Amino acid sequence: MAALLLALLLAVPAKDPGRALAQRVQAFYAHSKDFSASFRQHYTYVAIGRTEDSEGVVQVKKPGLVRWDYANPERRTLYIEGRTLWIWRPDDQEAQVKRDFGGEQLSSAFTFLWGKGNLLKEFSPKSVPTPAGLPQGDALELTPLKPVAGVQKLLFVVAKDGQVLASVVTNPQGDVNQIVFSEAKVDQGLPDSLFHFAPPKGAYVQEL
């Protein structure tokens, strides 16, 4: 009898570490009302052998308010307010707007940040070693279950509380978009006005 019980216990699979990591990430952002963080972005264009570095601040507030402020190499701000996407370049006084933009146009690779989407429904999770040069944390590799625009593979470095410390997106062409987050703050009560944009008088506006 004891041998049978032991065999049954051994037959029960251990908790999938990749799945547990994905659930940790999902839970952190599902329970956060808003957050902000500084970011450093390193983009590698494989086909032309070129890299591009940028940095700035990202701010997110539920439901569906997102703002990315790039400080360099070019000042620009991306606003997502409901179904409207604005891209503003203050130095050129130029704005682009897409008025039918919606979260459904993005995969869970991005929408989980504001509590939407489900990583486990769109990706196969796997716990992997943390790549060199990224913050210390648990590394989660996500492979799309179905084709996802612009995403061949996704990697997160995850803190113990589920916060994403870094993300690395590899697209089907092999280009790599690496973002490292720092100085993160959660549930600050960010005002809606931070995410609203109206082009100043005289600015050039292009409809996308």
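Nothing in this text is a laboratory measurement; each read-out follows from the coordinates by a stated rule. The shown structure was predicted, so the numbers you read here are calculated from the model rather than taken from an experiment. Don't worry about glycine lacking a Cβ; one is built from the backbone with ideal geometry, like all the others, and counts go over all protein chains shown.
Structure notes:
- Taking 0.36 nm per residue of sequence separation and removing the Cα-Cα distance, the L120/N72 pair yields an extension gain of 13.8 nm.
- Hull shadow area, averaged, region 122-195 [alpha-carbon convex hull, nm²]: 6.6 nm²
- Likely footprinting exposure, D92, D100, fewest C-beta neighbours within 10 Å first: D100, D92
- Distance from the C-alpha centroid of region 69-104 to that of region 18-64: 17 Å, rounded to the whole angstrom.
- Structure-derived semi-axes √(5λ) of the Cα gyration tensor in Å: which label, when the choices are [x] 36, 19, 16; [y] 30, 19, 16; [z] 44, 19, 15: [x]
- The ranking of R40, R50 from fewest to most other beta carbons within 10 Å of each one's beta carbon is R50, R40.
- Each of P90, V57, P125 was scored by the projection of its Cα onto the charge dipole of the chain, and the greatest displacement toward the positive side belongs to P125; charges sit on the C-beta of Lys, Arg, Asp and Glu.
- Label-point gap, in nm, between S182 and H196 - each point 7 angstrom along Cα→Cβ: 3.4 nm
- For region 16-188: relative contact order, % (alpha-carbon pairs under 8 angstrom, 6 or more apart): 26 percent
- Over 22 Å between alpha carbons, listed pairs K15/K126; K15/K62; K33/K146: K15/K62; K33/K146
- Computed extension length for V205-N171: 9.3 nm, one decimal, from 0.36 nm per residue of separation with the Cα-Cα distance subtracted.
- Both numbers refer to the Cα atoms of region 11-55; Rg and Dmax are 17.8, 50 Å.
- Compared with the dominant Cα axis of the chain, that is its longest principal axis, helix 2-11 is turned about 20°.
- Each Lys and Arg Cβ is given +1 and each Asp and Glu Cβ -1; about its Cα centre, region 16-188 then shows a dipole of about 500 debye.
- Candidate cross-link partners of K160 among the aspartates and glutamates, defined by an alpha-carbon separation under 14 Å and a same-chain spacing of 8 or more, comprise D138.
- Computed over the chain, the per-residue total of -39500 (n - 2.57) for DSSP H runs of n ≥ 4 gives a 222 nm mean residue ellipticity of -4000 deg cm²/dmol, rounded to 500.
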